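Rule-based calculations on the coordinates, nothing more; no lab input. Just so we're clear, the structure is a prediction, and the values are computed from it rather than from any experiment. Using ideal geometry, Cβ is built from the backbone for each residue, glycine included, and neighbour counts are taken over all protein chains shown.
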Amino acid sequence: MIPYGKQQISQQDIDAVVSVLNSSHLTQGQQVPTFEEKVANYCQANFGIAVNSATSALHIACLALGLGKGDWLWTSPNSFVASANCGLYCGARIDFVDIDLKTGNISVDALAEQLVLAQKNNRLPKVLVVVHFAGQSCEMNVIKKLADQYDISIIEDASHAIGGRYQDNPIGNCQYSDITVFSFHPVKIVTTGEGGLALTNCPKLAEKMRLFRSHGVTADAALMTEASHGPWYYQQIELGLNYRMTELQAALGISQLDRLNEFTAKRNQIAAYYDECFKDTSITPLQIHSDCYSAYHLYVVLLPEASKSLHNKVITVLRGSGIFAHVHYIPIHTQPYYQKMGFNEGDFPVSESYYQRAVTLPLHPALTREQQDYIIDKLLSLL
Ligand SMILES: *Cc1c(COP(=O)(O)O)cnc(C)c1O
């Protein structure tokens with residue numbers, strides 16, 4: 001089976017992890033801070049906070065931004081459920097903004113319209129989670145202007161997008177957001193097994209996220225309510241969690257980062273070949289905005305029509321032919337858990353129509369030209 005995504009593990013990666021196993025610190029040593037610094041430097045952000053998953057990073061990002069009961073969090077329905085669940089963890093209410101069919105990203109027109117309505121109804125969101133779908137940045141300049149106008153905090157869910165660029169700057173520099181979050185799950189661009197990381201330029205947000213990552217406990221005298229009792233002393237000043245990344249994971253991440261540019265270059269090369277082969281066919285690849293260099297976590301095409309039966313046939317036959325085609329994503333608001341909260345089919349029609357046309361084809365750095373030709377021929381033969 002040709003997988004839709006696959007991690008690349010080198011001997012250098014293995015050696016890095018083994019050397020941590022032979023060291024004195026399996027957690028809370030120097031690997032995690034080094035990894036945080038390396039990601040922050042790469043992305044030109046001031047602070048990095050590594051955690052055990054992007055889901056955890058989204059949660060502590062929301063907590064640090066003060067999201068709570070009575071607040072609203074908005075996100076894209078075309079994402080993994082974690083982009084919305086992070087708001088529910090904080091007791092906030094969720095709403096979605098429909099997408100742009102051409103990119104799969106949040107529609108800035110729909111966002112602008114929905115904000116006008118929300119202001120009238122006194123339901124403006126406190127936090128907007130934008131998702132850089134498939135590795136391509138959302139239109140952050142427009143989104144930032146709207147967020148400033150309505151006083152909304154922005155989290156970039158860049159789980160797909162480390163190594164991508166927007167207006168020639170690295171995604172993650174937080175120029176247009178409060179916090180950016182990455183995932184290091186093995187299907188993503190670089191991996192730590194499981195893992196995530198939050199970037200910010202704001203020292204206060206960084207400090208809060210560090211607290212929430214580790215029990216809300218601090219050994220920093222400047223944060224304590226009274227003088228330290230001595231060198232063993234710590235205080236709990238927030239209700240935090242244990243979302244720490246291990247040293248093993250961070251060592252793997254440090255080693256993987258060395259090949260990030262290589263990975264994204266290869267992914268772009270593979271995507272360009274798909275694009276070329278689908279030219280003048282009834283298959284429509286997602287479009288890349290001229291402001292963007294995609295990290296190409298996913299290669300998604302749209303079938304010629306929104307048809308449940310065609311969609312099902314294409315994915316089923318491809319899988320039967322050894323090609324692990326996938327679908328990203330089932331619109332979050334159509335999930336039973338969200339339907340129970342009052343969302344209905346038809347609420348975000350573009351994302352629903354997109355869902356019935358979207359096919360994710362295999363894309364990872366080790367995919368060969370022969371495999372690609374096989375995938376392209378198979379897909380085109382089904383239309
Ligand atoms: C993978 C993913 C997540 C969750 O990442 P984990 O590291 O598995 O928690 C969140 N958002 C998006 C868009 C993702 O693709």
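Some observations on this one:
- Sequence-separation-based contact order of the chain, relative, with Cα cut under 8 Å and 6+ spacing, percent: 23 percent
- Spatially proximal lysines relative to residue 69 (Cα-Cα < 20 Å; intrachain offsets below 8 disregarded): 126, 208, 340
- Cβ-Cβ distance of residue 232 and residue 151, R₀ of 41 Å, FRET efficiency by 1/(1 + (r/R0)^6): the value works out to about 0.45.
- Packing-based exposure ordering (other Cβ within 10 Å, fewest first) of 72, 232: 232, 72
- By average C-beta atoms within 10 angstrom, highest first, the peptides 10-23, 270-283: 270-283, 10-23
- Hz values of 3J(HN,Hα) by residue in the stretch 231-247 - Karplus curve (6.51, -1.76, 1.60), Gly and Pro given as x: x, 8, 6, 9, 10, 8, 10, 9, 8, x, 10, 9, 10, 5, 8, 7, 5
- Karplus-derived 3J(HN,Hα) values for the stretch 53-70, using 6.51 cos²θ - 1.76 cosθ + 1.60 with θ = phi - 60°, are 6, 5, 4, 5, 4, 5, 5, 5, 5, 4, 4, 5, 7, x, 5, x, 3, x Hz; glycine and proline are entered as x.
- Of the residues 1, 140, 224, the one with the fewest other Cβ atoms within 10 Å heads the list, and the complete ranking is 1, 224, 140.
- About its Cα centre, the chain has a charge dipole of approximately 540 debye under the convention of +1 per Lys or Arg Cβ and -1 per Asp or Glu Cβ, with nothing else charged.
- Ranked by how many other Cβ atoms sit within 10 Å of their own Cβ, fewest first, the residues 86, 43 fall in the order 43, 86.
- Cross-link partners of residue 378 among lysines (Cα-Cα below 24 Å; sequence separation of 8 or more within a chain): 6, 102, 266, 279, 308, 313
- The distance linking the stretch 1-23 with the stretch 317-383 is 28 Å (Cα centroid to Cα centroid, whole angstrom).
- Taking a ≥ b ≥ c as the square roots of the Cα gyration tensor eigenvalues, the chain comes out oblate, since a/c reaches at least 1.5 and a/b does not exceed b/c.
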